[in-house]
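To keep things clear, I will list the structure first and then write my remarks on it.
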Amino acid sequence: MRFALAVILGRLVRFAGKFIGRSTTLPGRIALRLDHAFLKKMKFDGKVIAVTGSNGKTTTQNLVAHILRENGYTVINNTEGSNLAAGVATTLLEHCTLGGRVRSDFVVLEVDERFTPIVFSQIPLDVFLVNNLLRDQVVRNGNPDIILAKISEAVPHARRLVLNADDPISQQLGDGRSDNVTFGMARTSRSTDTCLHLTHDAKVCPRCFGKMEYDFFHYNHIGSFHCPTCGYHTPTPDYLSDQVDFETGDFTINGLPAHVNYPTPFHFMNTTAAVAVCCTAGLPLEKAIAAAGTFEVSRERYDEFNVDGRKAILMLTKQNPVSLDQNIAYVLTKENPKTVALYVNNVIYTDDKDISWLYDVAFERLVGQVDWVVCSGSRAYDLAVRLELAGFDRDHMIIEDDNSKLREAMKRSEGTIWVLAASAFGDEDGILEVLR
Amino acid sequence: MKELKILHLYSDLLDLYGDYTNVTAVRRAAAQLGYESAVTEVQLGEPIDPAGYDFIYIGHGKARNLAAAAPHFRQYADAITAAVENGTVFLVTGNARFLFGGSFQTPDGEETGIGLFPYHGTETGKVFTGDVVSRPVFDESVRCYGFVNRTSHLTGENPYPLFKVLRGPGDGETPNGTEGTLYRNFFGTWQMGPVLVRNPALLREVLHRITGEDCSGLDLSLQERALEITLAEFGDLQ
């Protein structure tokens, strides 16, 4: 009775919220308050798949849902921003019967790392993907070991675990289990012998603390590793992508031809992960690969426009060094002349003035590769200090912490403007409005 | 060319939140004074000989990594204690401070430091963060800004504080008025990441103690402006 009431009230709030454009988690919060065992009472006709990890959760979750739908299955999935317990509850209450039955073939959930134990101690979990574990938004996540410990509490609830063979940190979650599924990527033309990034969370072996060696890196500490001291190494993955072509987006998974529409190292890996998950859930490899090839990456965090006759591209990034590193890598593949405009505010959620995370971003890679850098947002001067430390000279740096003067200040710069802005979910600061 | 010898201890093992920039900041500022810096990195398992170094840095690390460092570090307790007592300049940030104190909790048990300071370490496993505004004891006319992000804190006595805290946490979980350690030329603080980059006064003091030179003329104007803007956001906190 209490449960049905929670569903009805939650749906009413959800219905009302659609008109006033309010939160995607409030209905779930209300339901969880009315019935503390709300999640536990859910019954699933199909399988539950969860995606967690530091980077790529949303894309990979959408990819998994896309592959399954393309293959004719009914799928319920949550959206970015509703990946905490209340968000999951919101998604489920929208689709369940009053008795709590969810009738879809699959439920695909993106869940914040820290919330995986809470959610999956209550609802059954068939396939659990952990994409990767890297340094993340520090205020929320501390460091990768803390997150590893959190996720490990959820692992016993998962029937099957899908892990990244090229990540020495998250792969430890499979310790003591025998049927783990792994995915990985062979060396590509963009793999490097040394780590190009400052965020490298596995310089030492996470098992024995000896110095870790790498045959190559894909990005940050993700790559082919081995520890000379204890022998810990990248296993032969069950799903291996290879023959990666960054021009065409073509590659292979276990020798079968595959394709992505957004050819970055990160996305090839996400696609391999999603295919591994779908196959673990029962799909044939050929069918999973074919469906993955038609997936379009969401452009919610990307926009193209004009600023005073110049082409400008907005790329929103989280306050997370790895995602900014990814965007920098992308900008580096684009032609000159170009200006990189960075936009950084106080810490999202807490308003702390900390910018330590900027020192974990390899801005050094941009030195000599861009014509101008612009430092903007409320932490513009802190950005400038960071960039000077990276090696930029002040003559090619524009510092403007007043948004109303930003467009004028940018006129001194040249070429395509790449706006790399740190935000929580979207363009909350209206950077597009400022520049347009 | 004058030379500066810097030892960055456990640079691979204890490496979080841009801590490495404290070494970079010293190098850059020293270069302005005409010094060339040679940085030696010593890792777990390698011998530590603090003699001959002008500046020794140890940064914050993951809790399990710090636990792995402790037994190794203790093997060199006498030489390290002698270096501190003789006035070698140290900067130790975050939980690496535990290596210089008494016992401290780890995720899997307990470890001990070299016992130079009477404090102990408590591990909570919970992420604790916050802005810190403070005045350094060597010059109470200036304010510093820092950020704390940790799962552990100090307990027990800390008789030689480095900062008088105006806002934010001290060495414990609750504000207790002081933070950090300044003993001879040993600087210790929970303020993590680029603490020397963000605080020109602290950088000048550290570099002055390393070189004996007058550091007031260093051009740290961009850092000063950035700090001024940050501190302004806290109002006239005194």
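Descriptive notes on the structure:
- Dipole magnitude for the protein assembly as shown: computed about the Cα centre from +1 point charges on Lys and Arg Cβ and -1 point charges on Asp and Glu Cβ, it is near 2160 debye.
- Applying both filters, DSSP loop and at most 15 other Cβ atoms within 10 Å, to the trypsin sites (Lys or Arg not before Pro) of the range A:31-135 gives A:Lys40, A:Arg103.
- Close amide H contacts of A:Val374 (hydrogens built in the peptide plane, cut-off under 5 Å, sequence separation of 5 or more or a different chain): A:Val340, A:Ala341, A:Leu342, A:Ile398.
- Partner chain coverage, peptide A:346-356 - average Cβ within 10 angstrom: 6
- Magnitude of the charge dipole, the range A:2-292, Cβ model with Lys/Arg +1 and Asp/Glu -1, debye to 20: 1540
- Among beta bridges that DSSP assigns inside the protein assembly as shown, antiparallel share in %, nearest 5: 40
- Hull volume per residue, based on the alpha-carbon atoms of the range A:2-292 and their convex hull, is 132 Å³.
- Shape call, the range A:23-115: gyration tensor on alpha carbons, a/c limit 1.5: oblate
- GluC sites (Glu not before Pro) lying in DSSP loop within the range A:288-366, provided at most 11 other Cβ fall within 10 Å: A:Glu296, A:Glu335
- Unsatisfied cross-links (Cα-Cα over 19 Å) in the set A:Lys334/A:Lys411; A:Lys57/A:Lys150; B:Lys5/B:Lys62; A:Lys150/A:Lys318; A:Lys353/A:Lys405; A:Lys211/B:Lys126: A:Lys334/A:Lys411; B:Lys5/B:Lys62; A:Lys150/A:Lys318; A:Lys353/A:Lys405; A:Lys211/B:Lys126
- Centre separation in Å (Cα based) which lies between the range A:214-262 and the range A:366-436: 34
- Compactness index (Cα Rg / 2.2 N^0.38 Å), the range A:141-299: 1.05
- Alpha carbon centroid spacing (whole Å) that separates the range B:192-207 from the range A:122-173: 36
- Rounded FRET efficiency, nearest 0.05, which uses the C-beta distance separating A:Met1 from A:Arg187 and R0 of 56 Å: 0.40
- Separation between Cα centres of the range B:89-165 and the range A:37-61, rounded to whole Å: 39
- The sum of -39500 (n - 2.57) across all DSSP H runs of n ≥ 4, divided by the residue count of chain A, sets its helix-only mean residue ellipticity at 222 nm to -9000 deg cm²/dmol.
- More than 19 angstrom apart: percent of Cα pairs within the range A:60-170: 48
- Estimated 222 nm signal from helices in chain B, with DSSP H stretches of n ≥ 4 weighted -39500 (n - 2.57), rounded to 500: -7500 deg cm²/dmol
- A:Lys18 versus A:Thr79: modelled label distance in nm, points set 7 Å from Cα along the beta carbon direction: 1.1
- Equivalent ellipsoid, the range A:302-435 (semi-axes from 5 times Cα gyration tensor eigenvalues, Å): 19, 17, 15
- Relative contact order, whole percent, for the range B:2-232 stands at 19, derived from Cα pairs under 8 Å and 6 or more residues apart.
- Other residues lying with their Cβ under 9 Å from the Cβ of A:Ala384 contribute a combined charge of +1, Lys and Arg counting +1, Asp and Glu -1.
- Basic side chains Lys and Arg get +1 at the Cβ, acidic Asp and Glu get -1 at the Cβ, and with that the dipole of chain B about its Cα centre reaches some 220 debye.
- Global form of the range B:145-200, assessed from the alpha-carbon gyration tensor, a/c cut-off 1.5: oblate
- Selection among A:Val307, B:Thr88, A:Val111 by position relative to the dipole of the protein assembly as shown gives A:Val111 as farthest towards the positive end (Cβ unit charges, Cα centre).
- The Rg/Rh ratio of the range B:182-238, with both radii computed over alpha carbons and Rh defined as the Kirkwood radius, is 1.00.
- Across peptide B:14-26, the mean count of Cβ atoms from other chains lying within 10 Å of each residue's own Cβ comes to 5.
- Among residues other than A:Gly28 with Cβ under 10 Å from its Cβ, the summed charge is +2 (Lys and Arg +1, Asp and Glu -1).
- The distance between label points at A:Arg310 and B:Glu173 comes to 5.1 nm (points 7 Å beyond Cα on the Cα→Cβ vector).
- Chymotrypsin sites (Phe, Trp or Tyr not before Pro) lying in DSSP loop within the range B:182-222, provided at most 16 other Cβ fall within 10 Å: none
- At least 18 Å along the helix axis (C-alpha) and Kyte average at least -0.5, DSSP helices within chain A: A:2-20, A:57-70, A:265-280
- In sequence order, the range A:120-132 has phi-based couplings of 8, 7, 10, 10, x, 10, 8, 10, 10, 9, 10, 4, 5 Hz under the Karplus curve 6.51 cos²θ - 1.76 cosθ + 1.60, θ = phi - 60°, and Gly or Pro positions carry x.
- Share of alpha-carbon pairs per 5 Å distance bin for the range B:126-238, given as whole %: 2, 12, 23, 25, 20, 12, 5, 1, 0
- Cβ-defined net charge surrounding B:Leu166, 10 Å radius [Lys, Arg +1; Asp, Glu -1]: +4
- Taking a ≥ b ≥ c as the square roots of the eigenvalues of the alpha carbon gyration tensor, the range B:2-232 is oblate, as a/c is not under 1.5 and a/b does not beat b/c.
- Along its three principal directions, the equivalent ellipsoid of the protein assembly as shown from the Cα gyration tensor extends over semi-axes of 42, 29, 26 Å, largest first.
Only the coordinates and a few stated rules stand behind these numbers; no lab work does. Since the structure is predicted, the reported quantities are computational estimates derived from the model, not experimental observations. Because the Cβ atoms are built from the backbone with ideal geometry, glycine has one as well, and the counts that use them run over all protein chains shown.
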